[in-house]
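Data block below; observations after.
The values are calculated or read from the model by the stated rules, or taken from the named source; none is laboratory data. Please read all numbers here as calculations on a predicted model, not as lab measurements. Cβ placement follows ideal geometry from the backbone for every residue including glycine, while neighbour counts extend to all protein chains displayed.
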Ligand SMILES: [Zn+2]
């Protein structure tokens, strides 16, 4: 294992390995980008490279330090993630208490905070103290898919590294590499729907997601003004699992994107939902361009509202009611 195993983020990896080689590593980084594209594994790779015996900006993966980091039991590496919905101030205080002492056995203490946007103001202000005056031999790597939700005083104290969504081709290649098998229409569809996230595609390989998407799209296509009970039921279903709400809304967004694309080009080969050609042809024929664009925007707005912590169920109810207009 080395940095070379992290695919699709060459420019970002170069920035980091060059900094390690030139000993110009920043005291704090903010890794941004959608989930499932390698922010976490790159942060762990950084921790390994900064502590490994190999001195080429990379890591060996087999020394005692690399192994301890891999198994999450290196005393100088700290991984923090939300406990429940939030990162609590006690978690930040516990980390501060531990990093103020000298190194246990490594060369560099590395604090990785995942989903850093889930800190409230109290935790954020507490973390700010460490960012302003980091103890010697300490670097912080903060990970987020929604950087605008991280307070500006934290953002401005970190060097930002923007991770990119992966291409459909790369996702497909990695899915086959990790799970075996051959390229198929189903895998290709999953890779296209995953929106650049390998993590999402891998999770979807476990099955059921394509059928679930089809059923949700059928329900949304049948909605009309009179079906308030159906709207409420669907909003209930969509908002039940907090972790997958945005994924489900992505199905709708890509669906309206496909309808719009077909309406605009009259060609079916640009579709992401390539298995639903007949449905696209029939529904796009019934709706106007402006109406489809309006529906696409409504889904976008609902996703934005949910990202900004508006009540998900309420946002989805509003979205569905507006889609019926
Ligand atoms: Zn090593």
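In the stretch 253-288, which residues are touching a residue at least 60 places away in the same chain (Cβ under 8 Å) and in a helix (DSSP H, G or I)? Even if it seems obvious, please write down each step before you answer.
Residues of the stretch 253-288 that are touching a residue at least 60 places away in the same chain (Cβ under 8 Å), as a first pass: 254, 272-276, 279, 283.
Hits for the stretch 253-288 are 254, 274, 275, 276, 279, 283.
Against the test of being farther than 21 Å from residue 313 by Cα and modelled with pLDDT under 95, the options 241, 275 yield a single qualifying residue, 275.
Listed conditions (1) within 21 Å of the chain's Cα centre (by Cα); (2) within 13 Å of the ligand (Cβ to nearest atom) are all met by residue 106, apart from (1). The set of residues in the stretch 68-98 that are within 11 Å of the ligand (Cβ to nearest atom) and either in contact with a strand residue (DSSP E or B) (Cβ under 7 Å, 6 or more places away or on another chain) or closer than 19 Å to residue 125 by Cα (or both) contains only 69. Could we say that residue 188 is closer than 18 Å to residue 9 by Cβ, assigned to a helix (DSSP H, G or I) and within 21 Å of the chain's Cα centre (by Cα) here? Here the answer is no, as residue 188 does not meet what is asked. Can you tell me how many residues within the stretch 273-294 are within 24 Å of residue 190 (Cβ to Cβ) and touching a helix residue (DSSP H, G or I) at 6+ places or on another chain (Cβ under 8 Å)? Residues that pass the stated criteria total 9.
Take the residues in the stretch 24-67 that are within 23 Å of the chain's Cα centre (by Cα) and without any contact (Cβ under 8 Å) to a residue 60 or more places away in the chain; name whichever of them is nearest to the ligand (Cβ to nearest atom). Spell out the reasoning first.
Of the stretch 24-67, the ones within 23 Å of the chain's Cα centre (by Cα) are 28-48.
Pick out the ones that are also without any contact (Cβ under 8 Å) to a residue 60 or more places away in the chain and you get 41, 45, 48.
Working: 41: 15, 45: 11, 48: 6 Å.
Among those residues, the one meeting the criterion is 48.
Within the stretch 1-10, the only residue that satisfies the criterion of being under 18 Å from residue 32 (Cα atoms) and free of Cβ contacts under 8 Å to residues at least 24 places away in the same chain is 10. Can you say whether residue 22 is modelled with pLDDT of 95 or more and surrounded by fewer than 18 Cβ atoms within 10 Å (Cβ to Cβ), as far as the supplied structure shows? No; evaluated as a whole, the condition is false for this residue. Of all the listed residues (230, 182, 186, 236), the sole one being exposed (fewer than 15 other Cβ atoms within 10 Å of the Cβ) and assigned by TED's automatic domain parsing to the domain that holds residue 304 is 236.
Residues of the stretch 58-89 being farther than 26 Å from residue 118 by Cβ and surrounded by fewer than 16 Cβ atoms within 10 Å (Cβ to Cβ), which ones?
Start the filter on the stretch 58-89 by keeping residues that are farther than 26 Å from residue 118 by Cβ, which leaves 58-68.
Result: 62, 63, 64, 67.
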